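Colleague: Once you've had a glance at the structure underneath, I'll fire off some questions.
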Protein chains: 2
Amino acid sequence: MNGAQSLVHTLLKSGVDTCFANPGTSEMHFVAALDTIPGMRCVLGLQENVVTGMADGYFRLAGKPACTLLHCGPGLSNGLGNLHNARRARSGIVNIVGDQATYHRPFDAQLTADTEGWARPVSAWVRTTTKSADVGRDAAVAVQEARTAPGGIATLILPSDASWDEGGLVAEALPVPAAVAPDPATIGKVAKLLREKRNVLILLGGPALCAENQALAWRIAQASGAKLLAEGSNARIARGRGRPQLDRVPYVGEVARKALASLEHIVLVNAKPPVSFFAYPGKPSFHNREDAVFHVLTRLEGDAGAALAALADEMGAPEAAIPDPGPRPEAPRGAPSPEGVANVVAALMPENAIISDESVSYGRGFFPLTHVAPPHDWLQLTGGAIGDGMPVATGAAIGSGGQRRTISLQADGSAMYSLQSLWTQAREKLPVTTIILSNRKYQILIGEYAGVGANPGPTAMNMLDLGNPDLNWVKIAEGMGVEAAQATTLETLADLLAQSMSRPGPFLIELVI
Amino acid sequence: MNGAQSLVHTLLKSGVDTCFANPGTSEMHFVAALDTIPGMRCVLGLQENVVTGMADGYFRLAGKPACTLLHCGPGLSNGLGNLHNARRARSGIVNIVGDQATYHRPFDAQLTADTEGWARPVSAWVRTTTKSADVGRDAAVAVQEARTAPGGIATLILPSDASWDEGGLVAEALPVPAAVAPDPATIGKVAKLLREKRNVLILLGGPALCAENQALAWRIAQASGAKLLAEGSNARIARGRGRPQLDRVPYVGEVARKALASLEHIVLVNAKPPVSFFAYPGKPSFHNREDAVFHVLTRLEGDAGAALAALADEMGAPEAAIPDPGPRPEAPRGAPSPEGVANVVAALMPENAIISDESVSYGRGFFPLTHVAPPHDWLQLTGGAIGDGMPVATGAAIGSGGQRRTISLQADGSAMYSLQSLWTQAREKLPVTTIILSNRKYQILIGEYAGVGANPGPTAMNMLDLGNPDLNWVKIAEGMGVEAAQATTLETLADLLAQSMSRPGPFLIELVI
C-alpha cells in the first residue's frame, strides 16, 4: 500500500467521505487511490476558491468535514480567500495539498512555493508529511483537528513521494474532543447578572444559532428581559416560522451603535465582541458602548447547548412560546426593490430551504423580511472575502444530501469572483437557484466613496462600475451548463423562482436591479 | 495632502502610470486620490488574479512596473497565483495592498488576515507603512525595488489610516541600480571554455532573450560551436523571422534529458539549471547530465547584454547571418491538429504580434512551427500556476501601448481560472484574439495519470474531465462582452483569426479539438 492509498483508507475510516478537488500532477497517486478505493464522493471545482468554498458550505450543513485536494502552493493560494471565510465560519476542513517531492523541493522548480507559509494564517493545524508510513497517522490527526470544536482548517501537505512510496499504514479514527463543558461558577455568575441587571445583551454565535440552542436562549431572554442578537456574520442561522426572530448586529456602524446603545452588559455565547468591519476616521472600532461590560458564557470552543441549558435551568426559565411572525406575504409585483425581492423569497421559499446570502449592499434588508417564511437555514459570508456565496451554496447543497432547495442570493460583483461554481452545480445536478442581483456596479464601494466626501469622478467610477460592457449572466450561466433567464420585474422573478424549484438541477435568475 | 495623495504623486514621479485595480473599502482614499490627480491609467479586473496577471503581462512588454490596488489580505491572496508566476517571470510590480487601519487591526475584524505573511513568499520586498508621512518615501522605495534587476514584486501594505491621515509627503524618484556589470575574469574564463571545449550549451534566460542579446548569443554560438537554448519557461522571447531559431529546454523529462545528453558544460546567462517541473519516481530531478559542469556568465541580476557583448568581443566572434527559416506556410485546412493550429497561427499572425501561450499539452509543439512567422514576442506561463495566459495577454496588450495584436493561445481548463480577463479586454477594447483550445479535459493530467500506471476509472475521470456539461466558450465570452465564435476546422479557425485582426477590440475563438 502506498501513502496515497493509506490516506484514502484513513479518511474514510475517520468519516470523511467527500472530497472537493482540483488536482494536479503531484496528486496523481492520490487521484489513483480515490479511483480504486470505493467510498469517497469526488467533486471537481474548476478553480480552487470554488473548491475551498464548497468545503466550507459542506461543513456548515453536514456538520462534519470534507477534504479538499489542492495542487501545490499556488493551488492552495487560489483557494485562500474562501479558506479565510471558512476560518471565520469556524468550519472544519481537512485541507489536503499535494506538493513537490521532498528531495525535489530544494531545487526550486517552477511551481515550488512556500506552501506551509501560505497555509498557516488560515489553518488551525499545518503538517507536512515526509514519509509514506506517516501519511495515515497524520491524516487521522488532521481529521481530529478539523473536528475539534469549534471546527478548524487542518492543512495536510503531502509531498508526492510520501504519496507514491510504498509502506503506507492505515490509521484508526481518533477520538474527537467534546466541546468544552460549561463551568458551573460561570453559569451562576451569568444567571445572577441576568436576574439583577437590565440592559443585558446575549450575543449568540456559531453553534448557539442552531434551532435548539436558540430556543434555549429565547427561554432565557423571556425569563430575564435580556435582548438577543446574533453576531453580524454567521456561518448558519436556523430561522423562519417557529424560531425566534433574531436580529444580527448591523453592518453599518451608526446603525449598529444605535442598536447597542442601551446595552450595558454583553453576554458572549460562542461569540466575539462586535467589532466594526472596517475603521473609519473618527469612529470607534467597536459597536458596543465604551463602558459595556463583557461576560463570557462560552468561548468559541465551548458547548453552547450545554451552557444555555444549564443557564435556563439555573434561572428556572420556563418554556416560552415563540411568537408567530404573522402571515406569509403574497409575492409582490412591479419593479424590483430590496423589500420586493425579500418578499418574493419569503413568499416562495420551500420548507427547509438553505439560503446562501452574499447579497452585499442590496440585500442588507433581506434578513428581517424573510423570517416569516417556513423554517430554513441562512448562511452568510463570514470573513468578508467576497466570492463565497456561490461555492458555499454548492457545497451546502451537497452537505445537506442534495434534497434541500438552496437559494443563492448573490451580488453580481461578488459573483464574478467564483462564477465557476455554476459549472459544478450543473455537473452535480444540484437543486440550487441563484438569483444574481445585477446592479452592474460595486454599489457598496460607491457608498463608501461617498463617505470619503465626494462624488466619484470618471477615474473612480472606472474602478467602481461594472457596466461598459454589461455582464450578461444568462449567457455566462448557459456557457457553464446552467439554465438561466433574466427578470426585470418582481413577477418574473417570482415565476422563475417558482419554476426553478420544480426542477431537479440548478437554475440562475439574473435580476436586473 | 493625505497619505493616499502622496502615494499617487510619488508613483507618477517614479514613472508608474498604470494601476491594475480591484479596490475595496479600505482603499477608498487611494481611489479618491487617483480620481483627482491626473496621470494614472486605472484598469479594473473583476478578480485579483486577473489584476496581478495583468501587472505581470504589462511589465513583460512595457519593461517597467505598473502598480496594483488590492484589498486586504484576502484580496492579495486571490492574486497570489499570478504573483507567483510574475515572480518566476522576474517581473517588476509595485503591489499595493490596502489594509485595516493600524489601530483597528488588533481587533481582528472579519477581513483581517496575515497580509504580510501571504505577501512574503512572492515578494522581493515587503513593507507595511504605518504613518501618512512615510507613504511617499515607502512608495518610492517600492518602485526602486520593483525596478531593480532582474525585477521583483515590491509589496507595499497601506493601512487605511496611513492613507487618510493628513501629512503626506511626495517623494522624489529614487535611482534604479543598474544590472550587475560583467566581471572581466568571468568573461575570460567562459571565452576560454568556449574555445577549448566542445559540447557546450549556452542557456539563456530573462533579458538574454531580447532580440539584441539573442543576436550576440548567436554570434558567440557560431564562433564557438556551442549550442543555444532558452530556459523551459520564459517571460518573453523575441523570435520569428530574422531572429535565431531558439529551442527551449523541453517540458517532458525524457525529451529534455535527450536534448541535453551530449552537453558536458552549461553556461548560464541569467538562467538557472534545468530542473524538472516535477519529480517522478526513479527519475532524476535535473535534465542535464549528472556530470555536467555549470558556468555562470551572469546571475539573474546580471547585465546579460553587456556580458554577451563582452564575450563576443573577447572571442572575436564576427557578425553572423541569421538563417532564413524558409517560406511561411499557407494556412492549412481540415480537422484541427496541434501542427495545423500552429501553422494557422504562423501563416496569419501579423508583424510584431504578441503571443501569450498557455496552451499546455496541446500546444507543446506550437513553438518550433511558428518561428517562420514575422518577428513577434512569445510570452509563457513561467511559474506553472495555471490561469495566467489571459491576464498576461490583457496586461501585455496594455503594456505594449494597445497597438500590437495579441494572440492568446489558451487551454480551456486553465482558461477557467481567470476567465474574468475577457471582461477587461472588452472594457479596454484591447486587440486580443483568444483561441480557446477546447478539449474539455485536463489532458496533461490524463497523461500524468497514465504515468502512474493505469487507465483512469470513473472517479478519476470525474476529476480530469471537463465535459458533463461542456463549457460553451462562445456564450461565456459574449456574457462578458467579447464577441466570439466557434471553429471546428482549421479553415474556420483561419477565417476567424484573420477577421479578428481587422477589429479594434477583442475576439474569442473556441476551437473544438
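Colleague: Taking the stated definitions as given, is B:ALA385 buried (at least 24 other Cβ atoms within 10 Å of the Cβ), over 19 Å from B:LEU508 (Cα atoms) and among the hydrophobic types (A, V, I, L, M, F, W, C)?
Modeller: Numbers: buried (at least 24 other Cβ atoms within 10 Å of the Cβ): yes; over 19 Å from B:LEU508 (Cα atoms): yes; among the hydrophobic types (A, V, I, L, M, F, W, C): yes.
In short, yes.
Colleague: Related question: Going through B:ALA485, B:ALA460, B:ALA498, B:ALA477 one at a time, which residue ends up being in contact with a helix residue (DSSP H, G or I) (Cβ under 6 Å, 6 or more places away or on another chain) and surrounded by fewer than 16 Cβ atoms within 10 Å (Cβ to Cβ)? Give the derivation first.
Modeller: On the way: B:ALA485 fails: surrounded by fewer than 16 Cβ atoms within 10 Å (Cβ to Cβ); B:ALA460 fails: surrounded by fewer than 16 Cβ atoms within 10 Å (Cβ to Cβ); B:ALA477 fails: surrounded by fewer than 16 Cβ atoms within 10 Å (Cβ to Cβ).
Going through B:ALA485, B:ALA460, B:ALA498, B:ALA477 in turn, just one is in contact with a helix residue (DSSP H, G or I) (Cβ under 6 Å, 6 or more places away or on another chain) and surrounded by fewer than 16 Cβ atoms within 10 Å (Cβ to Cβ): B:ALA498.
Colleague: Name the single residue that is least open to solvent (accessible area, probe 1.4 Å) among those in region B:289-302 being outside any strand (DSSP E or B) and either more than 20 Å from B:SER233 (Cα to Cα) or free of Cβ contacts under 8 Å to residues at least 40 places away in the same chain (or both). Steps first, answer last, please.
Modeller: Step one: filter region B:289-302 for residues outside any strand (DSSP E or B), giving B:289-292, B:299-301.
Remaining after also requiring either more than 20 Å from B:SER233 (Cα to Cα) or free of Cβ contacts under 8 Å to residues at least 40 places away in the same chain (or both): B:289-292.
On the way: B:ARG289: 75, B:GLU290: 194, B:ASP291: 92, B:ALA292: 16 Å².
Looking at the filtered set, the residue picked out is B:ALA292.
Colleague: Another question, if that's okay. Count, please, the residues in region B:393-413 that happen to be out of contact with any helix residue (DSSP H, G or I) (no Cβ under 6 Å at 6 or more places or on another chain), in contact (Cβ under 8 Å) with a residue 12 or more places away in the chain and either open to solvent by 10 Å² or more (accessible area, probe 1.4 Å) or within 14 Å of chain A (Cβ to nearest Cβ) (or both). Steps first, please.
Modeller: Restricting attention to region B:393-413, the residues satisfying the condition of being out of contact with any helix residue (DSSP H, G or I) (no Cβ under 6 Å at 6 or more places or on another chain) are B:393, B:397, B:401-404, B:407, B:409, B:411-413.
Of the ones still in play, those that are also in contact (Cβ under 8 Å) with a residue 12 or more places away in the chain are B:393, B:397, B:402-404, B:407, B:409, B:411-413.
Going one step further and asking which of them are either open to solvent by 10 Å² or more (accessible area, probe 1.4 Å) or within 14 Å of chain A (Cβ to nearest Cβ) (or both), we end up with B:402-404, B:411-413.
The total comes to 6.
Colleague: What are the residues in region B:424-465 that are over 21 Å from B:TYR251 (Cβ atoms), within 29 Å of the chain's Cα centre (by Cα) and within 7 Å of another protein chain (Cβ to nearest Cβ), if any?
Modeller: Selection gives B:ALA426, B:ARG427, B:MET463.
Colleague: For region A:466-473, check the following and say yes or no: at least one residue is assigned by TED's automatic domain parsing to the domain that holds A:SER356, under 30 Å from B:CYS19 (Cβ atoms) and either among the β-branched types (Val, Ile, Thr) or out of contact with any helix residue (DSSP H, G or I) (no Cβ under 8 Å at 6 or more places or on another chain) (or both). Explain how you work it out, then say what you get.
Modeller: To start, the set of residues in region A:466-473 that are assigned by TED's automatic domain parsing to the domain that holds A:SER356 comprises A:466-473.
Narrowing further to those that are under 30 Å from B:CYS19 (Cβ atoms): A:466-473.
From what is left, the residues that are either among the β-branched types (Val, Ile, Thr) or out of contact with any helix residue (DSSP H, G or I) (no Cβ under 8 Å at 6 or more places or on another chain) (or both) are A:467, A:470.
Looking for residues that are assigned by TED's automatic domain parsing to the domain that holds A:SER356, under 30 Å from B:CYS19 (Cβ atoms) and either among the β-branched types (Val, Ile, Thr) or out of contact with any helix residue (DSSP H, G or I) (no Cβ under 8 Å at 6 or more places or on another chain) (or both), one finds at least one in region A:466-473, hence yes.
Colleague: Further, regarding this structure: Tell me whether region B:276-285 contains one or more residues that are touching a Ser or Thr at 6+ places or on another chain (Cβ under 7 Å), closer than 26 Å to B:GLY363 by Cβ and of a type in the set (S, T, N, Q).
Modeller: Within region B:276-285 (the criterion being touching a Ser or Thr at 6+ places or on another chain (Cβ under 7 Å), closer than 26 Å to B:GLY363 by Cβ and of a type in the set (S, T, N, Q)), the answer is yes, since at least one residue qualifies.
Colleague: Kindly provide the set of residues from region A:19-60 that are hydroxyl-bearing (Ser, Thr, Tyr), under 30 Å from B:ASP388 (Cβ atoms) and within 13 Å of chain B (Cβ to nearest Cβ), ordered by number. Don't jump to the end; show me each part of the working.
Modeller: Pass one, region A:19-60, residues hydroxyl-bearing (Ser, Thr, Tyr): A:25-26, A:36, A:52, A:58.
If we keep only those that are under 30 Å from B:ASP388 (Cβ atoms) as well, we get A:25-26, A:52, A:58.
Matches in region A:19-60: A:THR25, A:SER26, A:THR52.
This table checks each residue for (1) closer than 16 Å to B:SER438 by Cβ; (2) without any contact (Cβ under 8 Å) to a residue 12 or more places away in the chain; (3) open to solvent by less than 10 Å² (accessible area, probe 1.4 Å).
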{"residue": "B:ASP313", "(1), (2), (3)": "no, yes, no"}
{"residue": "B:PRO318", "(1), (2), (3)": "no, no, no"}
{"residue": "B:ILE322", "(1), (2), (3)": "no, no, no"}
{"residue": "B:GLY334", "(1), (2), (3)": "no, no, no"}
{"residue": "B:GLY340", "(1), (2), (3)": "yes, no, yes"}
{"residue": "B:ALA346", "(1), (2), (3)": "no, no, yes"}
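Colleague: Count, please, the residues in region A:1-48 that happen to be over 16 Å from A:LYS131 (Cα atoms), among the aliphatic types (A, V, I, L, M) and open to solvent by less than 10 Å² (accessible area, probe 1.4 Å). Even if it seems obvious, please write down each step before you answer.
Modeller: From region A:1-48, those over 16 Å from A:LYS131 (Cα atoms) are A:9, A:11-25, A:28, A:31-48; that's our starting set.
Adding the requirement that they be among the aliphatic types (A, V, I, L, M) leaves A:11-12, A:16, A:21, A:28, A:31-34, A:37, A:40, A:43-44, A:46.
Still in the list and also open to solvent by less than 10 Å² (accessible area, probe 1.4 Å): A:11, A:16, A:21, A:28, A:31, A:33-34, A:43-44, A:46.
Counting residues in region A:1-48 that are over 16 Å from A:LYS131 (Cα atoms), among the aliphatic types (A, V, I, L, M) and open to solvent by less than 10 Å² (accessible area, probe 1.4 Å) gives 10.
Colleague: For the list (1) of a type outside the set (A, V, I, L, M); (2) closer than 30 Å to A:ILE354 by Cα; (3) open to solvent by less than 10 Å² (accessible area, probe 1.4 Å), I need the number of the one condition that A:CYS72 fails.
Modeller: (2)
Colleague: Give region A:251-277 a look and list any residue that's assigned to a loop (DSSP other than H, G, I, E, B) and either more than 22 Å from the chain's Cα centre (by Cα) or away from every other protein chain (no Cβ under 14 Å) (or both), or say none.
Modeller: Quick first cut of region A:251-277, residues assigned to a loop (DSSP other than H, G, I, E, B) only: A:251-252, A:261-264, A:270-274, A:276-277.
Of everything in region A:251-277, those that are assigned to a loop (DSSP other than H, G, I, E, B) and either more than 22 Å from the chain's Cα centre (by Cα) or away from every other protein chain (no Cβ under 14 Å) (or both) turn out to be A:ALA261, A:SER262, A:LEU263, A:GLU264, A:ASN270.
Colleague: Out of all the residues in region B:79-115, which are free of Cβ contacts under 8 Å to residues at least 40 places away in the same chain, in contact with a Gly (Cβ under 9 Å, 6 or more places away or on another chain) and open to solvent by 10 Å² or more (accessible area, probe 1.4 Å)?
Modeller: B:GLN110
Colleague: A further question follows. Of the conditions (1) assigned to a loop (DSSP other than H, G, I, E, B); (2) open to solvent by 10 Å² or more (accessible area, probe 1.4 Å), A:ASN234 clears all except one; give me its number.
Modeller: (2)
Colleague: Now, a different point. If A:ASN468 satisfies every condition in (1) open to solvent by 50 Å² or more (accessible area, probe 1.4 Å); (2) within 14 Å of chain B (Cβ to nearest Cβ); (3) touching a residue at least 40 places away in the same chain (Cβ under 8 Å) but one, which is the exception?
Modeller: Among (1) open to solvent by 50 Å² or more (accessible area, probe 1.4 Å); (2) within 14 Å of chain B (Cβ to nearest Cβ); (3) touching a residue at least 40 places away in the same chain (Cβ under 8 Å), A:ASN468 violates only (3).
Colleague: Just checking, does region A:320-340 include any residue being outside any loop (DSSP other than H, G, I, E, B), more than 14 Å from chain B (Cβ to nearest Cβ) and farther than 30 Å from A:GLU358 by Cβ? Let's see the steps before the verdict.
Modeller: Restricting attention to region A:320-340, the residues satisfying the condition of being outside any loop (DSSP other than H, G, I, E, B) are A:338-340.
If we keep only those that are more than 14 Å from chain B (Cβ to nearest Cβ) too, we end up with A:338-340.
Now restrict to residues that are farther than 30 Å from A:GLU358 by Cβ: none.
For region A:320-340, residues outside any loop (DSSP other than H, G, I, E, B), more than 14 Å from chain B (Cβ to nearest Cβ) and farther than 30 Å from A:GLU358 by Cβ: absent.
The values are calculated or read from the model by the stated rules, or taken from the named source; none is laboratory data. Just so you know, these numbers come straight off a predicted model, no measurement behind them. FYI the Cβ positions are ideal-geometry reconstructions off the backbone, even for glycines, and counts take in every protein chain you see. Surface accessibility is based on the protein's heavy atoms, side chains included, excluding ligands, DNA and RNA. Shrake-Rupley method; radii C 1.70, N 1.55, O 1.52, S 1.80 Å.
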